[in-house]
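The values are calculated or read from the model by the stated rules, or taken from the named source; none is laboratory data. None of the values given here were measured: they were computed from a predicted structure. Please note: Cβ atoms are built from the backbone with ideal geometry, for glycine as well, and neighbour counts cover all protein chains shown. Keep in mind that these areas ignore ligands, DNA and RNA; they rest on the heavy atoms of the full protein, side chains included. Shrake-Rupley method; radii C 1.70, N 1.55, O 1.52, S 1.80 Å.
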Amino acid sequence: MDRRNFLALGGLAAMQAAKAASPASAGTGTGAATASRAIAAAGQPITRRIPSSGEMLPAIGLGTSGPFEAGADEKSRAPLREVLRAFFDAGATLIDTSPMYSTAEAVLGDLLTAEQQSRAFIATKVWTPGSGAAAEQKGVEQMQRSMALLKHGPIDLMQVHNLVDLDAHLKTLHRWKEERRIRYLGVTHYTTSSYPDLMAVIEREKLDFVQFNYSVITREAEKRLLPLCADRGVAVLINRAFEDGNLFSRVEGRPLPPWAAEFGAQSWAQVFLKFVLAHPAVTCVIPATGKVRNLLDNLGAGIGALPDAKQRAQIVASLG
Ligand SMILES: NC(=O)c1ccc[n+]([C@@H]2O[C@H](COP(=O)([O-])OP(=O)(O)OC[C@H]3O[C@@H](n4cnc5c(N)ncnc54)[C@H](OP(=O)(O)O)[C@@H]3O)[C@@H](O)[C@H]2O)c1
């Protein structure tokens, strides 16, 4: 199918074509490139505005915990190179990583091409457990190392990982932002028990981003945290939208309900991601994967319609 015909198909049909293009060849460079360009051609990826700057971000990003913690051998790196190629071909940009994820920063720095680096929005973190009074200096050294490993400067977003040594690092991050060594600053966590602490930081600090967990079965953030982020003009990254993959076992063997088609979802992964993106305070969701087929599936969620309130309630009920 050529590009003109593809465009003529329109959003939903084009997504189906992209899906059809992938199964047999999902692991091959050509198949992935065709499918991700097809996704890009199928419609404009949903973008969201970063409140502190007005910059627009594609709403589907990529997490690296797990899949990108690979060795130096070509066998483990080749699939990740394909994932990155498909990701950028489809017009996506935001990749989230951390020095906590063993080799992930080094793998990204090695695999990203110069062209991908120029388009990438790289979010990494500072994480210095057990550093005590030396946390500030350890953080500076760690961030310098991250920049060298990622071969990316300035870092687009530097986050304090799990709020560890928060005050020591925030001081540095505000200074580094002024010095343009980073473009945005933020904090992260991944548990609902951290929400009171996250909200306290959002209330007292000028943050560009906050990252936390939110999914169709973990909706605590809807009560106060997401509304607070919207009120305070803080961009929101969502981790664990698949509950670290566990959501898929909940729907194993269950066909996709017919109502999923009403908001353009072609898979359970797209139902889960579209549910998250339908919250207006969410800027970008960062599902992790090391597989091209799953990446294309996830990117498909960032195109076309999103569920309305009634459809969101239907999704929640179906997982209850
Ligand atoms: N404190 C923090 O700052 C913090 C904490 C947690 C997470 N994070 C960030 O958020 C990212 C995402 O969170 P997460 O990695 O914990 O979990 P997640 O995104 O909820 O789930 C990832 C799992 O889902 C699977 N998967 C992805 N797409 C799929 C698809 N379309 N169909 C079926 N399975 C699919 C992946 O397996 P395959 O590889 O086989 O596709 C992987 O096992 C992390 O990578 C990290 O960057 C940050």
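Below are the figures for this structure:
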quantity: Net charge dipole size for the chain [Lys, Arg +1 and Asp, Glu -1 on Cβ; Debye, nearest 20]; calculated: 540
quantity: Spin-label model distance (nm) - ASP197 vs SER249, 7 Å beyond Cα toward Cβ; calculated: 2.7
quantity: DSSP-defined antiparallel bridges as percent of all bridges, the chain, nearest 5; calculated: 15
quantity: Cα-based reach from LYS206 at 27 Å (exclusive), listing lysines while leaving out same-chain residues under 8 positions away; calculated: LYS125, LYS138, LYS171, LYS177, LYS223
quantity: Accessible area of the chain divided out per residue, in Å², using a probe of 1.4 angstrom; calculated: 42
quantity: Heavy atoms of HIS189 accessible to a 1.4 Å probe, total area in Å² rounded to 10; calculated: 30
quantity: Simple spin-label estimate for ARG119 and ARG145 in nanometres, 7 Å along Cα-Cβ; calculated: 3.2
quantity: Portion, in percent, of the accessible area of the chain that falls on carbon or sulfur, probe 1.4 Å; calculated: 51
quantity: Exposure of TYR190 as accessible area (Å², to 10), given a probe of 1.4 Å and all protein chains; calculated: 100
quantity: Contour excess over end-to-end distance, with Cα ends at THR218 and SER53 and 0.36 nm allotted per residue; calculated: 56.5 nm
quantity: Accessible-area ranking of MET199, MET143, largest first, probe 1.4 Å; calculated: MET199, MET143
quantity: For VAL271, net neighbour charge (Lys/Arg +1, Asp/Glu -1) across residues whose Cβ lies under 13 Å away; calculated: +2
quantity: Where GLU74, GLU222 fall by accessible area, highest first, once all protein chains stay in place (1.4 Å); calculated: GLU74, GLU222
quantity: LEU247, LEU166, reordered so the largest accessible area comes first (probe 1.4 Å); calculated: LEU166, LEU247
